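Remarks on the structure that follows.
What follows draws every value from the coordinates through simple rules; no lab data is involved. None of the values given here were measured: they were computed from a predicted structure. A quick note on method: Cβ atoms are made from the backbone with ideal geometry, for glycine too, and the neighbour counts reach across all protein chains shown.
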Amino acid sequence: MKELLIFRIFALFPFIGIFIPDAASVINTSSLSIPAADIIVEITLFICIAICSAAIWIEENNMMKTAH
């Protein structure tokens, strides 16, 4: 579970590093000029973060059930 937590943290850094400039460019300009590669990377990183978060949540719930 510790490996999932570390992977989730390190997946969040590039996600934020790509997402913030893209979001700022969308806010500042009226046209959507985000490269397709950025969108693919952002979606992939978001899915990885969501999967890791779900796995951590499930593992914590299982640990709580067995503790009772």
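At 0.36 nm per residue, minus the direct Cα-Cα distance, what do A55 and I6 gain on full extension? Give it in nm, one decimal, please.
Result for the pair: 16.4 nm of gain on full extension.
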* To do: Note the full-extension length gain between A36 and K65 as 0.36 nm times their separation in residues minus their Cα-Cα distance, in nm to one decimal.
  => 6.1 nm
* Asked: Which listed residue (S53, L32, I43) has the Cα farthest towards the positive end of the charge dipole for the chain, taking +1 on Lys and Arg C-beta and -1 on Asp and Glu C-beta about the Cα centre?
  -> S53
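Hey, fewest Cβ within 10 Å first, where do S25, S30 land in order?
S30, S25
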* Structure fact -> For the chain, the dipole about the Cα centre with charges only on Cβ (Lys and Arg +1, Asp and Glu -1), to the nearest 20 debye, works out at 180
* Asked: Using the alpha-carbon atoms, what tilt in degrees (0 to 90, nearest 10) does helix 36-67 show relative to the longest principal axis of the chain?
  -> 20
* Asked: Among (1) 12.3; (2) 13.7; (3) 14.1, which one is Kirkwood radius over Cα pairs in Å computed from these coordinates?
  -> (2)
* Nearest-ten-degree value, helix 2-28 long axis tilted from longest Cα axis of the chain -> 20
* **Contact order normalised by residue count of the chain, Cα under 8 Å, 6+ apart, percent** => 49
* Net lengthening on full extension, I27/C48 (0.36 nm per residue, minus Cα-Cα) -> 5.0 nm
